[in-house]
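Step one of this worksheet: look at the structure below.
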Amino acid sequence: MNSHVLFHSVHQLSRQLAKHLNVALEPFGLYNAQWSVMYVLNENGTLTQRELCEYLGVEAPPMTRTIQRLSKQGYIEYVVGQDKRKKYIKLTEKAVKEYPLWEKAIMEANEKLLSSFPKSSQEALLTLVSTWLGKMKQPQSYEVSENNKGEIK
């Protein structure tokens, strides 16, 4: 099997899924990246920007822009921690009130995308993706071999 084809297909799938979610969120003036942040905050409570970046696998500059947009829209706010040097991000009351509408739109889009797949295939895909993500989050070293091709160990 050609790994380039596999990774290209996964990348294309990811882009198509984001595109479908953007369409579902468009009536609310939101995008997939914003939804991801609000979903994580809804599930986990207050987090620092660094924690959001680590969880979502996003670099700091795009996360900063997303957080600024959400703040301007009135959906997130900063809370100073006990340390006073740490700023936490949390959903505002406005976001908590509107969240069920966004979630409903997302769930409907998800169900539409999954409607052609049997439950057993959905469960198998979830297992594969979860396992792969779990392995990717484990610390790995990257060594360059003699023929200049990198190998992850």
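Just so you know, all these numbers are worked out from the coordinates, no wet-lab data involved. Given the structure is predicted, the values throughout are model-derived calculations rather than measurements. So basically every Cβ, Gly included, is an ideal-geometry build from the backbone, and we count neighbours across all protein chains shown.
From the P(r) of segment 45-127, could you give the percentage of C-alpha pairs in the tail past 19 Å? Value for segment 45-127: 56 percent of Cα pairs lie more than 19 Å apart. For segment 3-116, the number of Lys pairs with C-alpha atoms closer than 22 Å, counting only pairs eight or more positions apart or on separate chains, is 10. The amide H of Tyr31, built 1.01 Å from its N in the peptide plane, has no neighbour under 5 Å, considering only residues 5 or more places off or on other chains. Counting only alpha carbon atoms, the long axis of helix 119-136 and the longest principal axis of the chain meet at about 90°. Between Leu47 and Ile89, the built amide H atoms are under 5 Å apart, and every one of these is 5 or more places off in sequence or on another chain. Rounded to the nearest Hz, the phi-derived 3J(HN,Hα) couplings of segment 46-57 under the Karplus curve 6.51 cos²θ - 1.76 cosθ + 1.60 (θ = phi - 60°) are 6, 9, 7, 4, 4, 5, 4, 4, 5, 5, 8, x, where x marks glycine and proline. For segment 75-91, 3J(HN,Hα) computed residue by residue from phi via the Karplus equation (6.51, -1.76, 1.60; θ = phi - 60°) reads 9, 9, 9, 9, 10, 7, x, 4, 5, 6, 8, 9, 10, 9, 10, 9, 6 Hz, glycine and proline entered as x. Considering only Gln16, Gln68, Gln82, the mean-square fluctuation computed in a Gaussian network model of the chain, springs between alpha carbons under 10 angstrom, is largest for Gln82.
Couplings 3J(HN,Hα) of segment 22-35, computed from phi: 4, 5, 5, 8, 3, x, 9, x, 10, 10, 3, 4, 5, 4 Hz, in residue order, whole Hz [Karplus 6.51 cos²θ - 1.76 cosθ + 1.60, θ = phi - 60°; x for Gly and Pro]. Give the residue list of GluC sites (Glu not before Pro) in segment 36-111 that are DSSP loop and have at most 10 other beta-carbon atoms within 10 angstrom. Counting only loop positions with at most 10 other Cβ atoms within 10 Å, the GluC sites (Glu not before Pro) in segment 36-111 are Glu59. Taking amide H atoms as placed 1.01 Å from N in the peptide plane, the amide H of Ile76 lies under 5 Å from those of Ser71, Thr92, each 5 or more residues away in sequence or on another chain.
Suppose every K and R has +1 on its Cβ and every D and E has -1 on its Cβ; what is the size of the dipole of the chain about the Cα centre, in Debye to the nearest 20? Before the final figure, lay out each step's value.
Values: 20 positive and 16 negative charges, 79 e Å.
Roughly 380 debye, rounded to the nearest 20.
Pairs of alpha carbons in the chain separated by more than 26 Å make up 40% of all such pairs.
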